[in-house]
1. So what are the ³J(HN,Hα) numbers for the stretch 248-259, from phi and the Karplus equation (6.51, -1.76, 1.60; θ = phi - 60°), rounded to whole Hz, Gly and Pro as x?
2. What list of ³J(HN,Hα) couplings, whole Hz, do you get for the stretch 3-8 from phi and the Karplus terms 6.51, -1.76, 1.60, once you set θ to phi - 60° and write x for glycine and proline?
3. About its Cα centre, what dipole magnitude does the chain give when the only charges are +1 on Lys and Arg Cβ and -1 on Asp and Glu Cβ, stated in debye to the nearest 20?
4. Taking only the alpha carbons of the stretch 19-113, what extent do you get along each of the three principal axes, in Å, biggest first?
5. Rg and Dmax of the stretch 60-196 over Cα atoms: what are they, in angstrom?
6. So, counting K/R as plus one and D/E as minus one, what does the shell of residues with Cβ under 13 Å around Arg93 add up to?
7. Restricting everything to alpha-carbon atoms, can you work out Rg to Rh for the stretch 109-268 with a Kirkwood hydrodynamic radius?
8. May I ask which residue of Asn99, Tyr151, Ala165 lies farthest towards the positive end of the charge dipole of the stretch 79-203, with charges of +1 (Lys, Arg) and -1 (Asp, Glu) on Cβ and the Cα centre as origin?
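Taken together, the values in this text are just the output of simple stated rules run on the coordinates, not laboratory data. Since this is a predicted model, take the numbers as computed values, not measurements. Every residue, glycine as well, gets a Cβ built from its backbone with ideal geometry; the counts of neighbours run over all protein chains shown.
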Amino acid sequence: MPALRTALLQSSGRLGDVAANLRILDEAAGRAAAAGAGLLLAPELFLTGYAIGPDIARLAEPADGPSAREVAATAARHGIAIGYGYPERNTERHGVVHNAAHLFGADGTPLLHYRKTHLFGDFEAKWFTPGDQPVAQTRIGGLTVGLMICYDVEFPENVRAHALAGTDLLLVPTALMHPAEIVPLSVVPVRAFENQLYLAYANRTGPEGDFEFVGLSALAGPDGTVRARAGRGEELVIGDADPELLAASREENPYLRDRRPELYGSLG
């Protein structure tokens, strides 16, 4: 089974300018596809920017809104799957907005939609309503692909749920801020290793409102090594999620086989 070449777009785009961010995503998709990537992942809230505060209600769109249709067309035009974050207006609950992520297939088909379950800090708690679906999965290129958002990955139980459900490649669009560099540098590779999966972590970068995003996007492998790493600035980095390495690592690493869940019931 061939490796799934995975591209991470490290960018904060243009704050509040959805049209400009769609153009940035289109350009990145073209570059990633030209480099042989089958999947492009953009950061958390990429379509609008993160520090949009009161503009969230105006900029939020339904899951099937115009930006989703535009990204689907971009994916089909370049022949590459695309995942990205955006503020979702809940059409069934008036006034409710979710911090959400979409994943479209290389033919433009919608594959996954996810709402962030663990909101970070007062800012997110003020403007967003958390989701309640812990595991969202699909198939791309022979791999089972999962999706969560930023702070979600910092909870071991969340990633372990994906591992137990069979996720091979976990996509994490992110808006990680200074001084939490320990997350991309240490937590992300450890999560990949302890759960025996690939973890793609695509972060924002630079100052935005009151926030300072740290970059350091990474594709970490099941052996705990970082297969691709960005610096601090705008960047497109590419690495391979190799099913053969994944199978070999799972054979050698007994963490999931040696679990004793009967001992962990009190952790719920």
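1. Going residue by residue, I get 5, 5, 5, 5, 7, 9, x, 3, 6, 5, 8, 4 Hz, with x marking Gly and Pro.
2. Running phi through 6.51 cos²θ - 1.76 cosθ + 1.60 with θ = phi - 60° gives 5, 9, 5, 10, 10, 10 Hz.
3. Working: 23 positive and 33 negative charges, 54 e Å.
The calculation lands at about 260 debye.
4. Sorted from largest, the Cα extents of the stretch 19-113 read 41, 24, 16 Å.
5. 15.1, 41
6. Values: positive: Arg89, Arg115; negative: Glu88, Glu92, Asp132.
Charge balance in the 13 Å sphere: -1.
7. Working: Rg = 15.8 Å, Rh = 16.4 Å.
Here Rg/Rh amounts to 0.96.
8. Final value for the positive-end residue is Asn99.
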